[in-house]
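Visitor: A single structure is presented below for examination.
The values are calculated or read from the model by the stated rules, or taken from the named source; none is laboratory data. Predicted model, so just to flag it, every value in this text is computed and none were measured. Cβ placement follows ideal geometry from the backbone for every residue including glycine, while neighbour counts extend to all protein chains displayed. These area figures cover heavy atoms from the full protein model, side chains too; ligands, DNA and RNA do not enter into them. Shrake-Rupley method; radii C 1.70, N 1.55, O 1.52, S 1.80 Å.
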Amino acid sequence: MTNPIVVERQVKYGEGDVRRLHYYWCPGCDGLHGITIRPDLNSVGAGWEFTGTLECPTYAPSQLTKYGSTPEKICHTFIRSGMIEFLGDCTHALKGQTVPLPPLPDWFVKDDDDG
């Protein structure tokens, strides 16, 4: 059986504030990225809409991830119909390419099954 490309987890923030987070593996960064599914607001003042299914997701708007320093690494993407489109400001090798979302790693899916 193939691992899923996206999993949803519920995360509690404060009193009664439960948010849906979708996690996927980014082949450009070789790591997990998460998207807060809450069209109104997340902890940094942004929220994403989700359409489709976990097997073929679409999110809006784009997702901008910045990490590291000197130099800062950037991953800026659209995810549409299960495909991840890496925008021109990405700092990794998949900049400008569109590829299918890969399956999540075993260790992440196993953790999801355990808890």
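Visitor: Would you please name the residue that is least open to solvent (accessible area, probe 1.4 Å), looking only at residues in segment 73-99 that are of a type in the set (D, E, K, R) and in a loop (DSSP other than H, G, I, E, B)? Explain how you work it out, then say what you get.
Guide: As a first pass, look at segment 73-99 and keep what is of a type in the set (D, E, K, R): 73, 80, 85, 89, 95.
Subsequent filtering for residues that are in a loop (DSSP other than H, G, I, E, B) retains 89, 95.
Details: D89: 67, K95: 110 Å².
For segment 73-99, the residue satisfying everything is D89.
Visitor: Restricting the search to segment 59-72, which residues are surrounded by 14 or more Cβ atoms within 10 Å (Cβ to Cβ) and polar (S, T, N, Q)?
Guide: Q63, T65
Visitor: Is one or more of the residues making up segment 44-58 farther than 23 Å from V11 by Cα, surrounded by 12 or more Cβ atoms within 10 Å (Cβ to Cβ), touching a residue at least 12 places away in the same chain (Cβ under 8 Å) and touching a His at 6+ places or on another chain (Cβ under 8 Å)?
Guide: First, the residues of segment 44-58 that are farther than 23 Å from V11 by Cα: none.
The answer is no; no qualifying residue exists.
Visitor: Show the residue pairs that are 6+ apart or on different chains and have beta-carbon atoms under 8 Å apart, the first residue being within segment 1-22 and over 18 Å from A60 (Cβ atoms) and assigned to a strand (DSSP E or B), the second being open to solvent by 30 Å² or more (accessible area, probe 1.4 Å) and among the small types (G, A, S).
Guide: Y13/S43
Visitor: Within segment 63-115, can you find the residues that are modelled with pLDDT under 95, of a type outside the set (D, E) and farther than 16 Å from L32 by Cα?
Guide: S69, T70, P71, G115
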